[in-house]
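Reading through the structure tokens given below for one structure.
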Amino acid sequence: MFRLQAWLGAAELVRTKGTEPRDAYTYGRQNWFDAVGEEHRAVRERVGLFDQTSFAKFLVIGRDAETALSWIAANDVAKPVGSLVYTQMLNKRGGIECDLTVSRLAEDSYYIVTGTGFATHDFAWIKANIRDGLDARLIDVTSAYAVLSLMGPRAREVLEVAADGDVSNAAFPFGTWRELMIAGASVRALRVTYVGELGWELHLPVETAGAVYDAIMAAGQPHDIANAGYRAIESLRLEKGYRAWGSDIGPDHTPLEGGMAWAVKLKQNTPFLGREALTEQAGKPLKKRLAGFTVDDPDIVLLGRETIFRDGQQVGWLTSGGYGYTVAKNIGYGYVRNPDGVPTDWLMAGRYELEVATARVPAQIHLAPLFDPRMERIKC
């Protein structure tokens, strides 16, 4: 039976018999720490299934849909039908107002997927910035679709059995979407990931969710498929260096500061909201940059908001924190600030500490993802 369980962040409670679904709060490791580690390792080593139905989902339709989104989106969404683009939407200062994916369904139709808690904000931002006179309408279709995310190195083997369609890398590359049939249901499969593994977001009519879930779990049994939840997603994304809107990135941070210049179409001669601010910022030394930090001491617990010290001086604070079970380290992200600039040589030359529960602990800085920095697992 299909269960909306991901909000617990502890899908292992369904999978492991005899485990009570209860959080026991503590200043140390939480009681779910080991169980989430099992989910994490299942996704890294085999395959896991996440319920992400709570994603917000919008349609932009109309003959001017491309024109409307090309102005609002910082990345290039003027792509062929079948394309999927990761993009931010910026304010006039270059700050990140939205962080989402855009799939082109047709010449006059796009499908937008954004975070659960950002539905109202993102819908309002997009609607407010569709220019007057354009034939482009924004429709909230969140409640119409369930989302099951199939992730892990065995994901293709599971989907090949469960789905009617070619899911080979040649036929279905990363950054695209296709319609598949699973258990008699039409499924919009998006080849994208937030955990750093081969995988697909499967968007399907909500009334078909039970049948599709059962079909995927049956196909995954030979690979020891596991249910997994949002706490595992958090651990997986920290290892991969994926940003979280509202903590690592937001309206006060630009893509250049957040290390995501690659997702901005500055090299194209295309106007977009926030371009002038980014162009100006690109011509000057950045005064803050997002960096990763690790702490080797297994007894330390990083939660976010810990102060960052460089050579004994306060230079920022962690925007997010957690544990990476594959790299076996505490992981945090935060902006390092310096009014004279933050070039790479300066960042890497410093000695870093994090203040955790009033005590300073040694930390190592990282500017590249800790796991699969070349994205070989994602694009295989």
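HN-Hα J couplings of the range 80-87 from phi, Karplus 6.51/-1.76/1.60, θ = phi - 60°, integer Hz, Gly and Pro as x?
x, 4, x, 7, 10, 10, 8, 8
Among Trp317, Trp245, Ala35, flag the residue with its Cα farthest along the positive direction of the charge dipole of the chain, charges on Cβ as +1 for Lys/Arg and -1 for Asp/Glu.
Trp317
Mind listing the phi-derived Karplus ³J(HN,Hα) values for the range 203-210, rounded to whole Hz, using 6.51, -1.76 and 1.60 with θ = phi - 60°, and x for any glycine or proline?
Result, ordered by residue: 9, 8, x, 4, 6, 9, 4, x Hz.
With charges only on Cβ, +1 for K and R and -1 for D and E, what is the dipole size of the range 314-380 about its Cα centre, in debye, rounded to 20?
200 debye
Just in the range 221-277: which trypsin sites (Lys or Arg not before Pro) are loop by DSSP and have at most 12 other Cβ atoms within 10 Å?
When the trypsin sites (Lys or Arg not before Pro) of the range 221-277 are filtered for loop state and at most 12 Cβ neighbours within 10 Å, Lys267 remain.
For Lys329, list the lysines whose Cα falls under 24 Å from its own Cα; do not include residues on the same chain fewer than 8 positions away.
Partners within reach: Lys240.
For Thr319, which sequence-distant residues (separation of 5 or more, or a different chain) have an amide H within less than 5 Å of its own amide H, given hydrogens modelled in the peptide plane?
Result for Thr319 returns Arg305, Tyr333, Gly334, Tyr335.
How high is the FRET efficiency from Gln268 to Asn169, r the C-beta distance, R0 30 Å, rounded to 0.05?
0.65
Taking the Cα centre of the chain as origin, work out the dipole magnitude from +1 charges on Lys and Arg Cβ and -1 charges on Asp and Glu Cβ, in debye rounded to 20.
In debye, rounded to 20, the chain gives about 600.
Multiply the residue gap between Leu286 and Asp340 by 0.36 nm, knock off their C-alpha separation, and tell me the result in nm, one decimal place.
Stretched fully, the Leu286-Asp340 segment lengthens by 18.6 nm.
Roughly speaking, to the nearest percent, how much of the range 208-258's 1.4 Å accessible area is carbon and sulfur?
53 percent
Give Lys127/Lys288; Lys127/Lys379; Lys267/Lys287; Lys284/Lys379; Lys57/Lys287 a once-over and call out the pairs whose C-alpha atoms are over 29 Å from each other.
Violating the 29 Å Cα-Cα cut-off are Lys127/Lys288; Lys127/Lys379; Lys284/Lys379; Lys57/Lys287.
Could you give the accessible area per residue of the chain, probe 1.4 Å, as a whole number in Å²?
Accessible surface, normalised per residue, equals 44 Å².
Distance between Cα centroids, the range 263-283 to the range 309-380: provide it in whole Å.
27 Å
From the backbone phi of the range 266-276, what are the Karplus-calculated ³J(HN,Hα) couplings (6.51 cos²θ - 1.76 cosθ + 1.60, θ = phi - 60°) in whole Hz, Gly and Pro given as x?
Running phi through 6.51 cos²θ - 1.76 cosθ + 1.60 with θ = phi - 60° gives 5, 6, 8, 8, 10, x, 7, 4, x, 4, 4 Hz.
If the viscosity is 1.002 mPa s and the temperature 20 °C, what translational diffusion coefficient in µm²/s does Stokes-Einstein give for the range 166-318 when Rh comes from Kirkwood over Cα pairs?
The calculation lands on 110 µm²/s.
Roughly how many nanometres apart are two label points built 7 Å out from the Cα toward the Cβ at Asp135 and Thr120?
3.4 nm
Could you work out the helix-only [θ] at 222 nm for the chain, with each DSSP H run of four or more residues adding -39,500 (n - 2.57) and the total divided by the number of residues, to the nearest 500 deg cm²/dmol?
-6000 deg cm²/dmol
Over the range 100-240, what is the relative contact order in whole percent, taking alpha-carbon pairs under 8 Å and six or more residues apart?
About 20 percent, as a whole number.
Taking amide H positions as placed in the peptide plane 1.01 Å from N, state which residues far from Val356 in sequence (5 or more) or on other chains have amide H under 5 Å from it.
Residues meeting the amide H criterion: Val361.
Label Thr358 and Glu207 with points 7 Å out from Cα along Cα→Cβ: what is the distance between them in nm?
Here the answer is 6.0 nm between the modelled labels.
Using a 7 Å offset from the Cα along the Cα-to-Cβ direction at both Ala349 and Glu276, what is the distance between the two label points in nm, to one decimal?
That separation, rounded to one decimal, is 3.7 nm.
Quick one, can you get me the convex hull of the C-alpha atoms of the chain expressed as volume per residue in Å³?
It comes to 137 Å³ per residue, whole-number rounded.
Determine, from the Cβ-Cβ distance of Ala261 and Lys127 and an R0 of 30 Å, the FRET efficiency 1/(1 + (r/R0)^6), rounded to the nearest 0.05.
The value I calculate is 0.65.
Between Thr307 and Asp23, take the C-beta separation as r, use R0 = 22 Å, and let me know the FRET efficiency to the nearest 0.05.
0.25
The values are calculated or read from the model by the stated rules, or taken from the named source; none is laboratory data. If you're wondering where the values come from, they're calculated on a predicted model, not measured in any experiment. Counting neighbours? That spans all protein chains shown, and the Cβs are built from the backbone with ideal geometry, glycine included. Note: accessible area is taken over every heavy atom of the protein model, side chains too, but ligands, DNA and RNA are not part of it. Shrake-Rupley method; radii C 1.70, N 1.55, O 1.52, S 1.80 Å.
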